[in-house]
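**Q** Would you mind keeping the following structure in view while I ask a few things?
Read-outs: derived from the displayed coordinates by stated rules, not from any lab. Bear in mind the structure is a predicted one, so any value in this text is a computation, not a measurement. Note: ideal-geometry Cβ built from the backbone for every residue, glycine included; neighbour counts use all protein chains shown.
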Amino acid sequence: MALSHILFGANTDLAALPVRRIRPADLMDALAKGWNDFSAMPSHAIFLCLIYPIIGIGLAGLTLGNARLPFLFPLAAGFALIGPFAAMGLYELSRRREAGVDVSAGDALDVLYSPSIGAIVALGTLLMVIFLIWIATANAIYVLNFGYVPPASISQFINDVLFSPPGWKLILIGNGIGFLFAVVVFSISFVSFPLLLDRDIGAVGALLTSIRAIQANPMTMALWGLIVVGLLVAGSLPAFLGLTVALPVLRHSTWHLYRKIVDPAPNPRSAYRPRAKGLRYAADFPAVLFPWAREHLR
């Protein structure tokens, strides 16, 4: 896929899309619509989002009781940084339901056939890079406060973090820097991923539109951020299982917030139409695994 198409979409004209101002009442309306989507297709949403608690529990299992214990909180908190990319299937389900198209769990995979798949992957890669930078930063903060010696036990780790001056410093600095990472990711991803499902605008246009949407609604978006954090914290208990409800509701709601902020596309797509499968040859592997390669394999 051409780099220009990934960056700028079907049209290289970067004329800014109009963004609207929204109010706190719009947040409540979007949450209600998100819950409605979840209620209409809960099996689909839970099927897609079980990966979140599974990964969360897996992260805990990898870190508890060994030298990687200090990574538990940064990994759990930082996983939300790539959440917008991981939720593309949920945006797609809301998009299809809004268009009045029959919805099934497999329709979430229609994202792979989107004309914007290259831009979606590019922005997802950017979020992954930010996630890795956050993990490295969190590790550096821990080392600066506690050195390279790993905690002897879980109880010692908890005591050191909660009841010692270095631990208080770690909490203060770590959460402060983590907040900055969250603001950056929220600004570049809030509108961009739903927008790419709706329009072939490219990664640059989607990213800039997302930033302008935040700038146009700073207080309302700050309130939305608090709502997201509150629901994610509540959903993390017990054992991350609540995320099977909190995450799909939040992601469905994000689609409806996008609709309130950005005008719909003039000719919205109700469904993506994958090309009929033709003959495949051994020489085509592994290119056939990537949807954007299929045009070259016709």
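**Q** Please give me the summed charge of the neighbours of ALA108: other residues whose Cβ is under 15 Å from its Cβ, Lys and Arg +1, Asp and Glu -1.
**A** Within the 15 Å Cβ shell, the charges total -2.
**Q** Also, I was wondering about something else. Would you kindly state how much longer the chain becomes between ASN159 and VAL233 on full extension, computed as 0.36 nm times their sequence separation minus their alpha carbon distance, in nm to one decimal? Before the final figure, lay out each step's value.
**A** Working: separation 74, 0.36 × 74 = 26.64 nm, distance 2.19 nm.
Extra length from ASN159 to VAL233 when fully extended: 24.5 nm.
**Q** According to a simple spin-label model (label point 7 Å from Cα along Cα-to-Cβ), what is the distance in nm between ASN139 and ALA32?
**A** 4.8
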